[in-house]
Amino acid sequence: MNLTLRIWRQAGPRHQGELRTYKVKDISPDMSFLEMLDVLNEQLNAAGEEPIAFDSDCREGICGTCGLMISGEAHGPEKTTTCQLHMRSFSDGEVITIEPWRANAFPVIKDLVVDRGAFDRIIQAGGYISVNTGSAPDAHATPVPKRNADRAFQAAECIQCGACVAACPNASAMLFLGSKVTHLAELPQGQPERMARVVKMVDQHDAEGFGGCTNVGACSQACPKGIPQDVISTLNFDLRTALRGNR
Amino acid sequence: MAVTGLVFVGYLLLHMYGNLKALSGEQAFNVYAEHLRTFGEPILPYGGLLWIVRVVLIVSLVGHGHAAFALWARAGNARRTKYAAGKAALRTAWMRWGGVFLLLFLVWHLLHFTVVKISPNPDATGPDVVNNPHRLLVASFQVWWMTLIYVLAMIALALHLSHGVFSAMQTLGWTNSAASYRRAKLLGHASAVVIAGGFLIPPLAIVFGLIQ
Ligand code: HEM
Ligand code: SF4
Ligand code: FES
């Protein structure tokens, strides 16, 4: 496959960036999107140019480090992470625009790399849960109904990639936040601090400069883990309960 | 935003029901219009209930608009660098610009039927038209561009409701499972069809000569 790539280049956080056009030839349809970028970077290195900075770690769709806006779609046209996206999802001769996640709360560090520390600070604001330390309890010591266990598990699949923010027209992080809140709200271990946690996490979300949710649903469509929008309802329910004073 | 939106929905259902009385003829429609004003007498003064409803609606409109513009401004601040290849912003445009269009329509609608009572029909003017609700209604929708404005407004309303009703349920935390989420989505589409469709029946009946 031969492709034309329009890639966002930005030397540093305070520099002006711009889209620059590159060509790559003989790309295998079985390469991952990041391998295709590796090929381009080898070309750039050989030509003595600065390679394109982008994030990745596991390259197997579980760590949430990678994440690119590919022709206007977070993680590209498939429901997966950028590292698990393959070039067969594109057609020969296609022009692909590659941009970093755009949100003020995710400032660009270099080229396609953004700082997602805001997510860590939201998690931190949530604080601890009260569980006893010591030897691991028996697996059946705390019964959890299957429905709650399944929903908690689904919410816990969030890998903090940030695609939901990137895709959201409001640049809101409510899907991420909803998945974290729902994950613990569905489990007995999450109950003691449940109400205090949701208030602190929402406050931190707003302080980071994310936008407000209007339930558009672009987040769930972009989410590589398919986290459903209903976790945001649970977040709203808990927040309302907490604000009524039942902390 | 959710609560005020649902206040509108409740009002729209009543309003639509009232409009459908036009199908029962001039007498039934005008008696209904008068009854709205005498409702609750003598505990309430003449037109009292109508004013209570109006105050609730005005307060809701201010609250709804305030929240809408605050969210709009927040969204603008949360992403100052836009995507070069983004379709993201389109997803809220029809809610936001559609809402602004509905606001403009509301001003026009109130001028037309409530505050000034304008008859756009050159063949039917004068006090005996504008002071007779049924005749003003019929005369208005015999004019093609008036019908067009109302049809466009109802399309905008249907779009606004199909997202808005679902969104309100979600905001209120009533969609905490896959099943209730699907029901809320369905309710959004159903309310759009019922309300916008119901409102369109009298004007279209006039256009096609079923009401004269
Ligand atoms: C008068 C002008 C209006 C404006 C400017 C306006 C604007 C908006 C905006 C921007 C939203 C945010 C929704 C989003 O982006 O997801 C919204 C939500 C909503 N609107 Fe309106 N709207 C107006 C009139 C109406 C009317 C007449 C109704 C009643 C049928 C209505 C019912 C709703 C409902 C139920 C919601 C959802 C609330 C929520 O999610 O919490 N709006 N409106
Ligand atoms: S909710 Fe989905 S899109 Fe958002 S951070 Fe988690 S995994 Fe990524
Ligand atoms: S690199 Fe780990 S999810 Fe893509």
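The values are calculated or read from the model by the stated rules, or taken from the named source; none is laboratory data. This is a predicted model, so every value here is computed, not measured. For neighbour counting, all protein chains shown are included, and Cβ atoms are generated from backbone atoms with ideal geometry for every residue, glycine included.
Scanning segment A:150-170 for residues that are within 16 Å of A:Ile123 (Cα to Cα) and away from chain B (no Cβ under 12 Å) gives A:Ala156, A:Glu157, A:Cys158, A:Ile159, A:Gln160, A:Cys161, A:Gly162. The set of residues in segment A:85-97 being within 16 Å of ligand 3 (Cβ to nearest atom) and within 13 Å of A:Leu37 (Cα to Cα) consists of A:Leu85, A:His86, A:Met87.
Just to check your reading of the model, which residue among A:Asp38, A:Asp55 is within 16 Å of ligand 2 (Cβ to nearest atom) and either modelled with pLDDT of 95 or more or closer than 20 Å to B:Thr81 by Cβ (or both)?
Working: A:Asp38 fails: within 16 Å of ligand 2 (Cβ to nearest atom).
Going through A:Asp38, A:Asp55 in turn, the sole match is A:Asp55.
Of the numbered criteria (1) within 16 Å of ligand 3 (Cβ to nearest atom); (2) within 13 Å of another protein chain (Cβ to nearest Cβ); (3) among the charged types (D, E, K, R), the one A:Arg147 fails is (1). Applying the condition of being buried (at least 20 other Cβ atoms within 10 Å of the Cβ) and within 14 Å of another protein chain (Cβ to nearest Cβ) to segment A:74-86 and asking which residue is farthest from ligand 1 (Cβ to nearest atom) yields A:Gly76. A single member of A:Ala185, A:Ala166 is crowded, with 24+ Cβ neighbours inside 10 Å, modelled with pLDDT of 95 or more and touching a Phe, Trp or Tyr at 6+ places or on another chain (Cβ under 8 Å), and it is A:Ala166.
Look at (1) away from every other protein chain (no Cβ under 14 Å); (2) in contact (Cβ under 8 Å) with a residue 12 or more places away in the chain; (3) surrounded by 17 or more Cβ atoms within 10 Å (Cβ to Cβ) and you find that B:Leu161 fails only one, number (1). Go through the residues of segment A:119-135 one by one and say whether even a single one is within 14 Å of chain B (Cβ to nearest Cβ), at pLDDT 95 or above and surrounded by 12 or more Cβ atoms within 10 Å (Cβ to Cβ). There is no residue in segment A:119-135 that is within 14 Å of chain B (Cβ to nearest Cβ), at pLDDT 95 or above and surrounded by 12 or more Cβ atoms within 10 Å (Cβ to Cβ).
For segment A:198-220, residues that are more than 7 Å from chain B (Cβ to nearest Cβ) and without any contact (Cβ under 8 Å) to a residue 60 or more places away in the chain total 9. Within segment A:58-90, the set of residues being without any contact (Cβ under 8 Å) to a residue 24 or more places away in the chain and away from ligand 2 (no atom under 16 Å from the Cβ) comprises just one member, A:Ser89.
Only one of the listed residues (B:Ser119, B:Ser60) is away from chain A (no Cβ under 14 Å), outside any helix (DSSP H, G or I) and on the phi < 0 side of the Ramachandran plot. That residue is B:Ser119. Could you list, in sequence order, the residues of segment B:175-186 that are surrounded by 18 or more Cβ atoms within 10 Å (Cβ to Cβ) and either within 9 Å of another protein chain (Cβ to nearest Cβ) or among the hydrophobic types (A, V, I, L, M, F, W, C) (or both)? B:Thr175, B:Asn176, B:Tyr181, B:Ala184, listed by residue number.
Scanning for something within 14 Å of another protein chain (Cβ to nearest Cβ) and either among the charged types (D, E, K, R) or touching a residue at least 12 places away in the same chain (Cβ under 8 Å) (or both), does segment B:135-144 turn up at least one residue? Lay out the reasoning, then the answer.
Let us first name the residues in segment B:135-144 that are within 14 Å of another protein chain (Cβ to nearest Cβ), namely none.
The answer is no, given that none of the residues of segment B:135-144 is within 14 Å of another protein chain (Cβ to nearest Cβ) and either among the charged types (D, E, K, R) or touching a residue at least 12 places away in the same chain (Cβ under 8 Å) (or both).
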